[in-house]
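**Student:** Sharing a structure here in structure tokens format.
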Amino acid sequence: MATHNDDSATEVVALVHLGCARNLIDSELILARLSDEGLQLSSDPKSAGTIVLNTCSFIGPAREESEAQIRHWLKRKQQGQIERLVVAGCLVQRYQRTLERRFPEVDLFAEISDGRILARSIRRLTAGERVPRYLASTGLREAARDGTRVLSTPRSYAYLRISHGCDHECSFCAIPAIRGTHRSKRPDDLLDEARELIAAGVKELVLVAEDSTAWGRDMGLELPHLVESMAELDGDQRLRVMYAYPNRFPWDLARLMREHPKVLPYLDIPVQHIATPVLRAMRRAGSGDQVRRTLDRILLEVPGITLRSTLLLGFPGETSADVEELAAFVKTYAIGRLGAFVYSPEEGTSGFALEDNVPAEEKERRLDQVLAARDEVLSRAQQARVGTEIEIVVDALELGRDPAVVGRAAFDAPEVDLAARVPGGKAAVGERLRVRVDAVNEDLDLVCSLVPPQARPAG
Ligand code: SF4
């Protein structure tokens, strides 16, 4: 363990990332700017003198985890195991200078930015210079192309942020207050970023934003235009769309998912709820039936598409009947790839004024009810794949006593969905493999075996 009088560690910086894929891109940008400043990066915080904590704060548990991490690293600083702590990201953007008062031992706070000024300040700090302790962001982050990044994901995939901010006013959500209103990044900039990622060997571009389906509307364009342009780029890339909003769906995207070999028939479309009274209280656009009609049409227009969604349980006024309707919705639309959370009142949101009238244990019971419906759907869907052949992209090689190749098919997004495992398989990260599904393991991952080249279907 480095101690603070170990000069070699002083210049070594490690970043601890918290939160979503969009925040991960910010972490990768900060790492690249730190490297530009000549600082040595380490993926092992134990060997670093400076820790950069890139925080998350979109709901209660995420905020609590960020604060617990701050306390953890301040204790390490007190014990002389690190020299300085820098806190950046959504928690700072949201709570700003109140954090300075709450955590006076933190060396530097930084609001959301492209990382350049932050990296320069850290270099100066490590050189013993005095720098302003609070870096405010200079207004809304410009929707310009992101600089180069230190990718933290395996070469099989990388996230690509296509816009910043959100114009929706969901009453439970603090993200617009943190990330601002919607600003699309320019198509040429995004194509440049995509080309760079493809040239770096990235096989899957995972498009992310607060609302991906709003991309281009502030410049007279629509998302399918961008997706098709990216799909047409030279290379073996695949495109995956995350964070779609169910209202005003850009239907040409369904055509691309159906017809274009590089656009995966997969859509992450957080609906948050399906009961109309709850959607109204959440200030979500569209009724439950409108959401159903959108999904019906997507399922019709893209045969075999995999839908992923996100649900919020326990919102003020939600009834048991609403949750019954939601659980039935999960089963009817076979949404096995599903993230669900319990509602926590968030300061600065319009919902904060509502009486939080669903007891905590009842929220958890409702969450369990919906997750049980999800697991039932997911288990059935995974079992139905046994005996079929699928193509996977390799994300990792597990060595040791039970070596295995770990990858994903088109129906699994990285980090949030499931995997396909090939015990004893040999392959490289980023390689595409044809495999046969032999079984489903206790984690509902697919257990597969390689399909010998000669047994592969022609063409
Ligand atoms: S669409 Fe709603 S939930 Fe999603 S980021 Fe925007 S305000 Fe938040």
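The values are calculated or read from the model by the stated rules, or taken from the named source; none is laboratory data. Note that this is a predicted model, so its numbers are computed, not measured. Quick reminder, even Gly has a Cβ in these numbers, built from the backbone with ideal geometry, and neighbours come from all protein chains shown. Quick note on the areas: whole protein, heavy atoms, side chains included, nothing else; ligands and nucleic acids left out. Shrake-Rupley method; radii C 1.70, N 1.55, O 1.52, S 1.80 Å.
**Student:** List every residue pair whose Cβ atoms sit under 6 Å apart, with the two residues 6 or more apart in sequence or on different chains, where the first one lies in the range 326-352 and is part of a loop (DSSP other than H, G, I, E, B) and the second, anywhere, is acidic (Asp, Glu) and open to solvent by 20 Å² or more (accessible area, probe 1.4 Å).
**Tutor:** As it stands, the answer is PRO345/ASP356, since those pairs meet every condition given.
**Student:** For the range 221-247, which positions are within 16 Å of the ligand (Cβ to nearest atom) and open to solvent by less than 20 Å² (accessible area, probe 1.4 Å)? It would help to see each step written out before you state the result.
**Tutor:** Of the residues in the range 221-247, the ones within 16 Å of the ligand (Cβ to nearest atom) are 223, 241-247.
Selection gives LEU223, VAL241, MET242, ALA244, TYR245, PRO246.
**Student:** Scan the range 248-268 and give yes if some residue there is farther than 30 Å from VAL394 by Cβ, free of Cβ contacts under 8 Å to residues at least 24 places away in the same chain, more than 16 Å from the ligand (Cβ to nearest atom) and not in a strand (DSSP E or B), otherwise no.
**Tutor:** Going residue by residue through the range 248-268, those that are farther than 30 Å from VAL394 by Cβ are 248-252.
Applying the additional criterion that residues be free of Cβ contacts under 8 Å to residues at least 24 places away in the same chain yields none.
No, the range 248-268 contains no residue that is farther than 30 Å from VAL394 by Cβ, free of Cβ contacts under 8 Å to residues at least 24 places away in the same chain, more than 16 Å from the ligand (Cβ to nearest atom) and not in a strand (DSSP E or B).
**Student:** Here's something else I'd like to know. Among ARG408, ARG366, ARG434, ARG401, which is among the basic types (Lys, Arg) and in the same structural domain as GLN237 (by TED's automatic domain parsing)?
**Tutor:** ARG366
**Student:** Do the conditions hold for HIS273, that is, is it within 15 Å of the ligand (Cβ to nearest atom) and open to solvent by less than 50 Å² (accessible area, probe 1.4 Å)? Don't jump to the end; show me each part of the working.
**Tutor:** Working: within 15 Å of the ligand (Cβ to nearest atom): yes; open to solvent by less than 50 Å² (accessible area, probe 1.4 Å): yes.
Yes: the conditions hold for HIS273.
**Student:** Can you name the number of the only condition in (1) within 14 Å of the ligand (Cβ to nearest atom); (2) closer than 30 Å to GLN96 by Cα that TYR159 fails?
**Tutor:** The number of the failed condition is (1).
**Student:** Could you please give the count of residues in the range 353-362 that are assigned to a helix (DSSP H, G or I) and open to solvent by 100 Å² or more (accessible area, probe 1.4 Å)? Before the answer, list the steps.
**Tutor:** Filtering the range 353-362 for residues assigned to a helix (DSSP H, G or I) gives 353, 360-362.
Narrowing the set further to residues that are open to solvent by 100 Å² or more (accessible area, probe 1.4 Å) leaves 361.
Number of matching residues: 1.
**Student:** Moving on to the next point. Only one of these is within 30 Å of ALA439 (Cα to Cα), in contact (Cβ under 8 Å) with a residue 12 or more places away in the chain and outside the structural domain of LEU433 (by TED's automatic domain parsing): VAL377, VAL271. Name it.
**Tutor:** Working: VAL271 fails: within 30 Å of ALA439 (Cα to Cα).
So the residue among VAL377, VAL271 that is within 30 Å of ALA439 (Cα to Cα), in contact (Cβ under 8 Å) with a residue 12 or more places away in the chain and outside the structural domain of LEU433 (by TED's automatic domain parsing) is VAL377.
**Student:** Give the residue, chosen from PHE341, PHE411, that is touching a strand residue (DSSP E or B) at 6+ places or on another chain (Cβ under 8 Å) and more than 24 Å from ARG258 (Cα to Cα).
**Tutor:** Working: PHE411 fails: more than 24 Å from ARG258 (Cα to Cα).
Step by step, each of PHE341, PHE411 is checked, and only PHE341 is touching a strand residue (DSSP E or B) at 6+ places or on another chain (Cβ under 8 Å) and more than 24 Å from ARG258 (Cα to Cα).
**Student:** While we're looking at this one, here's another question. Just the residues that are closer than 28 Å to ASP412 by Cβ and surrounded by 15 or more Cβ atoms within 10 Å (Cβ to Cβ), please, taken from the range 315-330. If you could, list the steps in order and put the result at the bottom.
**Tutor:** Within the range 315-330, the first condition is being closer than 28 Å to ASP412 by Cβ, and the residues that meet it are 323, 325-330.
Selection gives VAL323, GLU325, LEU326, ALA327, PHE329, VAL330.
**Student:** Please go through the range 276-312 and pick out each residue that is within 16 Å of the ligand (Cβ to nearest atom) and either part of a helix (DSSP H, G or I) or under 19 Å from VAL377 (Cα atoms) (or both).
**Tutor:** Of everything in the range 276-312, those that are within 16 Å of the ligand (Cβ to nearest atom) and either part of a helix (DSSP H, G or I) or under 19 Å from VAL377 (Cα atoms) (or both) turn out to be VAL278, LEU279, ARG280, ALA281, GLN290, VAL291, THR294, ARG308, SER309, THR310, LEU311, LEU312.
**Student:** Any residue that is more than 16 Å from the ligand (Cβ to nearest atom), in a helix (DSSP H, G or I) and open to solvent by 10 Å² or more (accessible area, probe 1.4 Å) - is there at least one of those in the range 208-216? Before you say what the answer is, go through the steps one by one.
**Tutor:** The first filter runs over the range 208-216 and keeps only residues more than 16 Å from the ligand (Cβ to nearest atom), leaving 216.
Filter again for in a helix (DSSP H, G or I), leaving none.
So far as the range 208-216 goes, no, none of its residues is more than 16 Å from the ligand (Cβ to nearest atom), in a helix (DSSP H, G or I) and open to solvent by 10 Å² or more (accessible area, probe 1.4 Å).
**Student:** Still on this structure, I have one more. Would you pick out the residues in the range 440-459 that are open to solvent by less than 50 Å² (accessible area, probe 1.4 Å) and either modelled with pLDDT under 95 or in a strand (DSSP E or B) (or both)? Working first, answer last.
**Tutor:** Of all residues in the range 440-459, those open to solvent by less than 50 Å² (accessible area, probe 1.4 Å) come to 440-441, 444-449, 451.
Scanning the range 440-459 gives VAL440, LEU446, VAL447, CYS448, SER449, VAL451.
**Student:** State all residues of the range 177-206 that are within 16 Å of the ligand (Cβ to nearest atom) and basic (Lys, Arg); if no residue qualifies, say none. Talk me through it step by step, then tell me what you get.
**Tutor:** Residues of the range 177-206 that are within 16 Å of the ligand (Cβ to nearest atom), as a first pass: 177-184.
Correct list: ARG179, ARG183.
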